[in-house]
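For reference, the structure is listed below as structure tokens.
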């Protein structure tokens with residue numbers, strides 16, 4: 001029996017502990033504790049695990065762990081301390097680094113900005129040069145007026161000016177020049193205008209037959225909201241449209257509709273259930 005195993009066994013038995021209880025408390029298998037106390041290290045796993053068992057078991061029994069581990073090293077024949085060697089670094093190789101996308105983008109934008117500034121400056125210089133060039137236009141020479149014919153002695157020259165009577169235009173006519181300088185009166189035929197679609201006249205009313213009833217009503221004429229609000233008993237509103245009308249009511253039985261003088265009756269039968277109605281019918 002080894003000295004290490006004897007000290008562990010004496011400490012355990014001196015405290016009145018069994019191997020089973022020590023195994024349960026230290027969470028070390030009972031065969032491993034038995035091998036430690038017998039010095040049968042060949043029945044134990046590797047050196048690092050055995051040292052861990054010795055440290056935990058010594059602390060559990062109140063023995064100095066470092067002293068027992070050193071005793072284990074002497075009995076086991078000693079092991080060389082583990083040396084940590086630095087990892088060898090591979091030789092550095094030069095690698096070509098591709099330019100980043102943002103670097104290329106900013107360089108391109110800077111070049112575009114410089115080109116814009118240069119072209120703008122060249123354009124301004126060209127405008128100034130063009131403005132400084134004087135435009136010389138040839139002025140046609142006007143011949144001097146010919147002298148007026150002289151009249152006979154003692155006779156004063158006379159000028160004949162034709163007189164024209166004012167012309168009264170009839171409604172829907174225009175003046176048209178004709179040969180010989182005369183002006184003829186020509187009637188103006190108006191262009192026919194496009195015939196609009198037949199209008200739709202919608203009358204929305206809330207009768208008094210059912211008492212003080214009211215309803216929320218929304219009316220759209222040609223796609224535009226013409227009215228939206230609460231109509232009360234006795235109210236009547238007339239709307240006009242060219243193409244289409246759309247009505248939505250929150251209380252249909254109390255909403256009466258009339259289209260172009262034709263009564264359409266109540267908008268619905270179920271009170272409190274909104275109903276949609278349109279004209280012309282879909």
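The values are calculated or read from the model by the stated rules, or taken from the named source; none is laboratory data. Keep in mind that this is a model prediction, so the values were computed, not measured. Heads up, the Cβs are rebuilt from the backbone with ideal geometry, glycines too, and the neighbour counts pull from every protein chain shown.
General remarks:
- Of the residues making up region 261-282, those that are part of a strand (DSSP E or B) and at pLDDT below 90 are 263, 264, 265, 266, 275, 277, 279.
- Residues that are surrounded by 15 or more Cβ atoms within 10 Å (Cβ to Cβ) and not in a loop (DSSP other than H, G, I, E, B) were ranked within region 31-43; the one that is farthest from the chain's Cα centre (by Cα) is 38.
- Check on residue 4, modelled with pLDDT under 90 and not in a helix (DSSP H, G or I): no
Residue by residue, here is whether (1) modelled with pLDDT of 90 or more; (2) in contact with a helix residue (DSSP H, G or I) (Cβ under 7 Å, 6 or more places away or on another chain); (3) within 17 Å of residue 275 (Cα to Cα); (4) buried (at least 16 other Cβ atoms within 10 Å of the Cβ) holds:
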{"position": "201", "(1), (2), (3), (4)": "yes, no, no, no"}
{"position": "206", "(1), (2), (3), (4)": "no, yes, yes, yes"}
{"position": "209", "(1), (2), (3), (4)": "no, no, no, no"}
{"position": "226", "(1), (2), (3), (4)": "yes, no, no, yes"}
{"position": "239", "(1), (2), (3), (4)": "yes, no, no, yes"}
{"position": "245", "(1), (2), (3), (4)": "yes, no, yes, yes"}
{"position": "252", "(1), (2), (3), (4)": "no, no, yes, yes"}
{"position": "255", "(1), (2), (3), (4)": "no, no, yes, yes"}
{"position": "259", "(1), (2), (3), (4)": "yes, no, no, no"}
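- Selection within region 45-58 - more than 14 Å from residue 33 (Cβ to Cβ) and either at pLDDT 90 or above or exposed (fewer than 11 other Cβ atoms within 10 Å of the Cβ) (or both): 46, 48, 51
- Qualifying residue in region 228-235 (condition: under 15 Å from residue 201 (Cα atoms) and either free of Cβ contacts under 8 Å to residues at least 60 places away in the same chain or out of contact with any strand residue (DSSP E or B) (no Cβ under 8 Å at 6 or more places or on another chain) (or both)): no
- Residues within region 261-282 that are exposed (fewer than 14 other Cβ atoms within 10 Å of the Cβ), more than 15 Å from residue 213 (Cα to Cα), within 44 Å of the chain's Cα centre (by Cα) and in contact (Cβ under 8 Å) with a residue 12 or more places away in the chain, tallied: 3
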